[in-house]
1. Taking only Cα atoms, what is the 0 to 90° angle, nearest 10, from helix 2-18's long axis to the longest principal axis of the chain?
2. Below 8 Å between Cα atoms, with a sequence gap of 6+, how large is the relative contact order for the chain in percent?
3. What is the gain in length, in nm to one decimal, between H112 and E148 on full extension, counting 0.36 nm per residue of separation less the C-alpha to C-alpha distance?
4. Can you list residues from other chains, or at least 5 along the same chain, whose modelled amide H is less than 5 Å from the amide H of A95?
5. Helix 177-188 sits at what angle to the longest principal axis of the chain, using alpha carbons and giving 0 to 90 degrees rounded to 10?
6. Going toward the positive end of the dipole of the chain, with +1 on Lys and Arg Cβ and -1 on Asp and Glu Cβ, which of M63, P34, H154 do you reach last?
7. Got a number for carbon plus sulfur as a percent of the chain's accessible area, 1.4 Å probe?
8. For the chain, what is the accessible area per residue in Å² when the probe is 1.4 Å?
Amino acid sequence: LADDIAYNNHDVDDGLQAGLFGIEDLAALPLIGPILDGVRADYPALEPRMLRLEAVRRMIGAMVHDVLDETRRRATAAGVASADDVRALGRPLVAFSGQMMEDLGQLRVFLHARMYRHFRVNRSRSQAKRIIAELFQLFMDEPAVLPEGWLDRHEAKAGDEAAQARVVCDYIAGMTDRFAIEEHRKLFNLDLWQ
């Protein structure tokens with residue numbers, strides 16, 4: 001549930017920042033539309049950036065409060081008084097309300113249509129796949145380009161291709177997006193040697 005709250009809110013924020021959709025595109029959605037109306041009513045002269053930030057902040061709050069309220073409702077209805085009672089329930093105690101699930105479903109449909117399938121996002125995803133694949137292949141073929149500590153781990157696994165692949169995967173998995181892009185640029189662009 002925490003991931004759901006974080007991802008949905010960050011995706012709304014990221015989509016707005018990237019210009020994949022605008023504030024007005026969100027106005028008809030049941031979860032964020034009323035929140036936007038509330039922010040505008042409270043702060044009529046708010047600049048767009050601050051409107052975005054306040055709306056996302058309030059949407060996070062609304063989702064957290066919904067989980068708390070629904071969990072309290074379920075605990076009361078089930079007569080939960082102990083951890084053993086929770087274990088014996090046979091169903092999740094902590095959850096979104098039915099209305100929130102419905103509202104999130106509509107938000108997800110919107111995000112899929114307007115963000116996740118947007119050509120700019122698809123291009124970025126395609127680039128990321130190539131960067132990761134090329135880094136992986138290079139580190140497997142030429143382990144000497146791995147940093148010293150990682151090179152030692154790779155050499156210790158010499159002859160065991162699966163173990164070598166695990167070392168390379170661990171190294172790549174630890175990279176941030178920016179670091180992976182920079183590493184790729186350093187390793188594949190010849191203009192750096194000029």
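1. 80
2. Value for the chain: 18 percent.
3. 8.8 nm
4. The list, which skips near neighbours in sequence, is T71.
5. Helix 177-188 sits roughly 20 degrees off the main axis of the chain.
6. P34
7. Reported share for carbon and sulfur atoms: 55 percent.
8. I get 63 Å² per residue for the chain.
The values are calculated or read from the model by the stated rules, or taken from the named source; none is laboratory data. Here the structure is a predicted model, which is why all the values come from computation and not from measurement. With ideal geometry, Cβ positions are generated from the backbone for all residues, glycine too; neighbour counts draw on all protein chains shown. Note: accessible area is taken over every heavy atom of the protein model, side chains too, but ligands, DNA and RNA are not part of it. Shrake-Rupley method; radii C 1.70, N 1.55, O 1.52, S 1.80 Å.
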